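Asker: What follows is a single structure, and I will ask about it in a moment.
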Amino acid sequence: MSSRDDRRSGFQQYKEDVKRRGKPFYPFAMFHDTVMSLVVVTVIGALAFVWRYTDIIGPLIGEKADPGTTSFVPRPDWYFYFLFYLLRIFKWPESVILATVGIPTICLILLLVLPFIDMRMERRLTRRPVAVVAAILTVISMAVLTYKGATAEEAIAAEVKAAIPGWAQDQGFAGNQEALDGADLFAESGCVACHTYLGTGSTNLGAPDLSEEGAKNKGIQFQIDHLKCPSCVNPGSAMPQFAALGDENLHALAVFLEASKGPK
């Protein structure tokens, strides 16, 4: 039998299989995918138009950013709320790697290998209980985590503030109101995102522990200058500038840092 006859025989077998088990990719599946893609693009375009010319979805441009704020709480986009809440479940530093790398990577790998594991031709949902239950549980989990992430209240600053009385007692500045005000600013400004202080916070980008910063006797003015422009005082510093906090707040922070000479 010639190669042409082989191809004809194979094509005929393909046509018979299609009649018995389903439709071919071209043109049926391709047409369906094209129509669905057009629908998705149309919906996105319509939402963009509504967002641009109405206030139904929300303002196109929000209020101008205030670099001196101490109350702004950064939030991710809504499609990352589930991961945002996972980070609240898995606390830093011992298990946060599970939320940031472990779980998302495992889920992605499972999605990639699933077509190679489940190769059955059966498509009826009633005949695939494991796949249906897994899909339902995944959707419910994502929905719950997204909702919890969207409604979660930021508690990091509150947790740090709760530790301030203990700091003041250990460091001996309980009677220094300006140092206490500086400690509040220290908590509100997110300093513990990079620094540690008496066991609170985390070390990032090489940021030092500040529990004994005052023991170095650098002085109030040095602390103010450093807070205003860290890279000017320490070239190459990755610390952001806090000049927008204002002179009064910077002075309070400097007093707090200079009062931090280590536990008594």
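Asker: Please sort through the DSSP H helices of the chain and keep those with an alpha-carbon extent of at least 27 Å along the long axis and a Kyte-Doolittle average not below -0.5.
Answerer: Values: long enough: 30-53 (34 Å, 1.43); 129-151 (33 Å, 1.67).
Going by DSSP H runs, the hits are 30-53, 129-151.
Asker: Moving on to the next point. Provide the net charge surrounding Asp184, with neighbours chosen by a C-beta distance below 14 Å and charges set as Lys +1, Arg +1, Asp -1, Glu -1. Mind showing how you got there, number by number?
Answerer: Numbers: positive: Lys161; negative: Glu159, Glu178, Asp181, Glu188, Glu248.
Summing Lys/Arg as +1 and Asp/Glu as -1 gives -4.
Asker: Roughly how big is the chain's charge dipole about its Cα centre, with Cβ charges of +1 (Lys, Arg) and -1 (Asp, Glu), in debye to the nearest 20?
Answerer: Working: 25 positive and 27 negative charges, 473 e Å.
Once rounded to the nearest 20, the dipole reads 2280 debye.
Asker: Give the cysteines in the chain for which no other Cys Cβ lies under 4.7 Å away, or write none if there are none.
Answerer: Cys107, Cys191, Cys194
Asker: Sort 164-172, 104-112 for me by packing, meaning the mean count of neighbouring Cβ atoms within 10 Å per residue, highest on top.
Answerer: Details: 164-172: 17.0, 104-112: 11.0.
Peptide ranking by packing, descending: 164-172, 104-112.
Asker: Work out which GluC sites (Glu not before Pro) in the chain are exposed loop sites (DSSP not H, G, I, E or B, at most 16 other Cβ within 10 Å) and give the longest gap free of them.
Answerer: On the way: sites that count: Glu63, Glu94, Glu122, Glu153, Glu154, Glu212.
Between the exposed loop sites, the longest stretch runs 1-62.
Asker: Relative contact order (percent) for the chain, with alpha-carbon contacts under 8 angstrom and 6 or more residues of separation?
Answerer: Numbers: 221 pairs, mean separation 45.2, N = 264.
RCO, the chain: 17 percent.
Asker: While we're on this one: Where Lys and Arg each count +1 and Asp and Glu each count -1, what net charge lies around Glu248 among other residues with Cβ under 11 Å from its Cβ? Please report the intermediate quantities before stating the final value.
Answerer: Working: positive: none; negative: Glu178, Asp181, Asp247.
Taking every other residue near Glu248 into account, the sum is -3.
Asker: Which one, (i) 56; (ii) 34; (iii) 29, gives percent of Cα pairs over 30 Å apart as derived from the coordinates shown?
Answerer: Read-out from the structure maps to (i).
Only the coordinates and a few stated rules stand behind these numbers; no lab work does. Just so it is clear, the structure is predicted and the values come from calculations on it, not from any experiment. Here the Cβ is made from the backbone with ideal geometry for all residues, glycine too, and neighbour counts use every protein chain on show.
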